[in-house]
1. Could you please tell me which pairs satisfy a Cβ distance under 6 Å, a separation of 6+ or placement on different chains, a first residue in the range 30-57 that is closer than 18 Å to Gly106 by Cα, and a second residue that is assigned to a loop (DSSP other than H, G, I, E, B)?
2. Quick one: how many residues across the range 10-20 are farther than 13 Å from Gln81 by Cβ and either open to solvent by 30 Å² or more (accessible area, probe 1.4 Å) or basic (Lys, Arg) (or both)?
3. Evaluate the range 53-74: report whether one residue or more is within 19 Å of Thr112 (Cα to Cα), polar (S, T, N, Q), part of a strand (DSSP E or B) and open to solvent by less than 40 Å² (accessible area, probe 1.4 Å).
4. I need a count of the residues in the range 46-57 that are more than 14 Å from Tyr79 (Cβ to Cβ) and within 12 Å of the chain's Cα centre (by Cα).
5. Among the polar types (S, T, N, Q), within 13 Å of Gly108 (Cβ to Cβ) and touching a residue at least 40 places away in the same chain (Cβ under 8 Å): does that describe Ser7?
6. Do you know which of the residues in the range 40-52 that are of a type outside the set (D, E, K, R) and over 22 Å from Ser7 (Cβ atoms) is least open to solvent (accessible area, probe 1.4 Å)?
7. Are there strands (runs of 3 or more DSSP E) fully within the range 1-45 with at least 3 residues that are within 19 Å of Ile69 (Cβ to Cβ)? List them.
8. Quick test for you: out of Tyr37, Tyr79, pick the one residue that is open to solvent by 40 Å² or more (accessible area, probe 1.4 Å), under 12 Å from the mean Cα position of the chain (by Cα) and either aromatic (Phe, Trp, Tyr) or modelled with pLDDT of 95 or more (or both).
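The values are calculated or read from the model by the stated rules, or taken from the named source; none is laboratory data. In this text, all values refer to a predicted model and were calculated from it rather than measured experimentally. Neighbour counts are summed over all protein chains in view; Cβ atoms, including those assigned to glycine, are modelled from backbone coordinates with ideal geometry. The area values use the complete protein model at the heavy-atom level, side chains included, leaving out ligands, DNA and RNA. Shrake-Rupley method; radii C 1.70, N 1.55, O 1.52, S 1.80 Å.
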Amino acid sequence: QVQLVESGGGLVQPGGSLRLSCAASAPIDGIPIMYWYRQALEKQRELVALISNLGSTEYVDSAKGRFTISSDKDRNEFYLQMNNLKPEDTGVYYCNVLYNGRTFWGQGTQVTVWS
């Protein structure tokens, strides 16, 4: 069992930045891959970025060059730095891990980009 708690969402104008955090209750060096997803209103949840415990990263095309995923094994946290935010980035952001064969989700944090 692992609990995930997101923080860092909020209201920001286009072009602004936010940093999301996901705190895990288990050591993240035992988690092969960590994910950030988002879900816009009336849309399906989509993968935004992932990071492996070896540090490799991948991003959805719309996030490339603007978002950076990272992790801190000492804090058992991983992050999503979001720069140059756009209205289409609005949604609930969830962190997710696969741990011991099970999928775990955080409760989500709202990001709203408005002009």
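1. Once the first residue is closer than 18 Å to Gly106 by Cα and sits in the range 30-57, its partners that are assigned to a loop (DSSP other than H, G, I, E, B) give Pro32/Asn53; Tyr37/Arg45; Gln39/Arg45; Val48/Val60.
2. Residues in the range 10-20 being farther than 13 Å from Gln81 by Cβ and either open to solvent by 30 Å² or more (accessible area, probe 1.4 Å) or basic (Lys, Arg) (or both): 4 in total.
3. no
4. Of the residues in that region, 2 qualify.
5. Taking the combined requirement at face value, the residue satisfies it.
6. Residues of the range 40-52 that are of a type outside the set (D, E, K, R), as a first pass: 40-41, 44, 47-52.
Then drop every residue that is not over 22 Å from Ser7 (Cβ atoms), which leaves 44, 52.
Values: Gln44: 163, Ser52: 17 Å².
Among residues in the range 40-52 that are of a type outside the set (D, E, K, R) and over 22 Å from Ser7 (Cβ atoms), the one least open to solvent (accessible area, probe 1.4 Å) is Ser52.
7. On the way: elements: 4-7, 10-12, 18-24, 33-39.
Those strands (runs of 3 or more DSSP E) span 4-7, 18-24, 33-39.
8. Going through Tyr37, Tyr79 in turn, just one is open to solvent by 40 Å² or more (accessible area, probe 1.4 Å), under 12 Å from the mean Cα position of the chain (by Cα) and either aromatic (Phe, Trp, Tyr) or modelled with pLDDT of 95 or more (or both): Tyr37.
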